[in-house]
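A short write-up of the structure that comes next.
The values are calculated or read from the model by the stated rules, or taken from the named source; none is laboratory data. Bear in mind that the values here come from a model prediction, so they are computed numbers and not experimental data. Glycine also receives a Cβ, built like all others from the backbone with ideal geometry; neighbour counts cover every protein chain displayed. The area values use the complete protein model at the heavy-atom level, side chains included, leaving out ligands, DNA and RNA. Shrake-Rupley method; radii C 1.70, N 1.55, O 1.52, S 1.80 Å.
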Amino acid sequence: MKRACLLVCVVLLGASVPRAAAPTITIDASTPAGKVSPLLYGLMTEEINHAYDGGLYAELIQNRAFLDDAASPAHWTAVQGDGAAAAIALALDKAEPLNGTIPTSLRVEVTQASTGHAAGVANEGYWGIPVKPDTRYRASFYAKSAPGATGPITAAIQSEDGKTTYASGRVSGLTQTWKQYEVTLSTANVAPTAKARFVLTVDRPGTLWLSLVSLFPPTYKNQANGFRPDLLQMLIDMRPKFLRFPGGNYLEGDQIADRFEWKKTLGPLAERPGHMAPWTYRSSDGLGLYEFLLWAENMTAEPILAVYAGYSLKGAYVKPGPGLEPYVQDALDEIEYVTGPPTSKWGSLRARAGHPAPFKLTYVEVGNEDFFDRSGSYDQRFAQFNEAIKARYPNLQVISTVGFEHPENQRVRSVTPDVVDEHYYRTVDAFLKASRGQYDKYDRKGPKIFVGEWGAYETPFEPWNPRSRGEAPTPNLRAAIGDAAWMTEMERNSDIVVMHCYAPLLVNVTPGARQWRPNLIGYDALRVYGSPSYHAIKLFATHLGDEILKASATDTDVLVSVTRDSRSRTLYVKLVNPGSAAAPVQLDIAGGALRPTATALTLAGDPQDTNSIDAPERVVPKSSQVTGVKAGFVYTVPANGIVVLQLGLQ
Ligand code: AHR
């Protein structure tokens, strides 16, 4: 009763009662509190969710070297033209290897075929071959034939049922010796589709062998063996400062033999054997060390190179000491490949590949999540790598891995690493809590921090639980709120958190293609989209400046980080409201008069909303003008909202 009266009275008196002052966010723009790390923000990558094969690496043929499955030509089928009386036998043939690196070829025996009744093989691609209008594809393959069969071979991109041919071309003159053939396939003004396959057929009987069958669409800047342009552009748009590669678990492999052996990822594709990767499928290694470096360069990002440190995921490890030396040497060689002059042994290979200029390298990471090594050998393994790297490359900063969630318990102790790599996969609530001062407590004299993997979960952390497979491959807005809150914490502390990156970065959203959720950017054979978290990171990364300003919030759940561009004198005020009600905040900005209008970039809405391959732009930032800006103005942060306010100092 009393409560009801109180409510009514307040409503009736509402107009005359002075409004409670909005909670305050105090910003000191007079003196910067620190420098923004020049390496905010960045990207982390590995082969997971068909990130490269079936993703960024533009190759369209799945199992191009016939090595994916030892027993059958996976992703390949026999085809015969309409009404053909053709019989085809397909078999993996170890007796006719292309070379020592690719020990298996595909034997195609066509017993009957004739003009108009062709027979041969089809590849399904990575969940379809993307057909686009007015596009030139470069097909290539190695072939040889049994005596009497000289071709010609027709290469074509066809509809799945073979009834429509979108593009085709021919090669002839097959011999009994392996030779590489190339043909350009051009589409006309066709409607885009991914319900297509790639076929190689003959129209007369004979036996032939195929190896390393490849089909490339146009790549980013037409680079040979290059990248899918739409996907790479999404990454470039984030303006990343670094690329952490090659993993992640992908660096380590399940067994030592399955590690990322960088030397086997170089040179002509026919010299790359590929390898079994930890995320349940083989990697072609078409995207090898050289391509990682080019990828970083295409984004004007710096490589953060992770070197294999002698531990693999199923528990095998190399004891520190003489047995570890070859692995240490391998890491030194790898650094030379990246940074050495063209006159050096490994630098010369890079130069021969097309890049005489050394790449800039500041950080090298030793291993990945080596706290999983229960033998306790990481401390000594790290020390051995660290000593060798520092001796040869004194200017390099060496990063050690460190335990999940309780980094203080699982640190390298025998030496002090320059940087430690913390990983956080947390629920939104856990990130909101941590975003209220986790890094304020860190010792500024201690090692710098690299948060080399992080990502917020709408649900408890079960990224590889089969039950989560039915869920969206990318996170919703609620998760993006957790991500943005965490970014305010890292940005405010970027004097010590020198780098950080979300993981995983990429996911092919076609059912069956992914191993993890959630992920930042989704795609299928034809389309690509950014999750709300992608947009949040892009907003933060592209509105940064170089100075950290001190900002503190009282009596509000709104999280804040403020930076400034010292040249343009623009303030970037990042506000994150995790609540379900709009949150007015009074911005008390001391240290300079403000321009009266500002821009607000806002990502807000229903927290359960998300983007998808069919609805790619449901949650995207909106830009608006803010007027009446002055010291102490009140700005209302929308419910479930992430805002970047760009304020000008006069
Ligand atoms: O990002 C997915 C995986 O999570 C990484 O491969 C690994 O480092 C971490 O455990």
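Quick notes on this structure:
- Any chance Ile157 is at pLDDT 95 or above, of a type in the set (Val, Ile, Thr), within 23 Å of Asn225 (Cβ to Cβ) and outside any loop (DSSP other than H, G, I, E, B): yes
- Complete set of residues in the stretch 430-463 that are away from the ligand (no atom under 16 Å from the Cβ) and small (Gly, Ala, Ser): Ala430, Ala434, Ser435, Gly437, Gly446
- The number of residues in the stretch 217-238 being open to solvent by less than 10 Å² (accessible area, probe 1.4 Å) and assigned to a helix (DSSP H, G or I) comes to 3.
- Test: residue in the stretch 239-256 that is in a loop (DSSP other than H, G, I, E, B), open to solvent by less than 40 Å² (accessible area, probe 1.4 Å), in contact with a helix residue (DSSP H, G or I) (Cβ under 9 Å, 6 or more places away or on another chain) and within 15 Å of the ligand (Cβ to nearest atom): yes
- Odd one out for Gly169 among (1) open to solvent by less than 20 Å² (accessible area, probe 1.4 Å); (2) under 29 Å from Met499 (Cα atoms); (3) without any contact (Cβ under 8 Å) to a residue 40 or more places away in the chain: (2)
- Exclusive hit being at pLDDT 95 or above and open to solvent by 10 Å² or more (accessible area, probe 1.4 Å), set Arg527, Arg467: Arg527
- Test result for Ala33, surrounded by fewer than 19 Cβ atoms within 10 Å (Cβ to Cβ) and touching a Leu at 6+ places or on another chain (Cβ under 8 Å): yes
- The stretch 528-540 residues that are under 15 Å from Val643 (Cβ atoms), paired with ones that are assigned to a helix (DSSP H, G or I) (beta carbon under 6 Å, 6 or more apart): Pro532/Leu477; Pro532/Ala480; Ala536/Ala480; Ala536/Asp483; Ala536/Ala484; Phe540/Met487
This table checks each residue for (1) more than 13 Å from the ligand (Cβ to nearest atom); (2) farther than 27 Å from Val364 by Cβ.
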| site | (1), (2) |
| --- | --- |
| Asp418 | yes, no |
| Glu471 | yes, yes |
| Arg478 | yes, yes |
| Ala484 | yes, yes |
| Leu506 | no, no |
| Thr510 | yes, yes |
| Arg514 | no, yes |
| Gly522 | yes, yes |
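- Residue in the stretch 362-407 that is surrounded by the fewest Cβ atoms within 10 Å (Cβ to Cβ), counting only those that are within 16 Å of the ligand (Cβ to nearest atom) and of a type in the set (A, V, I, L, M, F, W, C): Phe404
- Here Gly522, Gly592, Gly545 are screened, and the one residue that is at positive phi, of a type in the set (Gly, Ala, Ser) and under 25 Å from the mean Cα position of the chain (by Cα) is Gly545.
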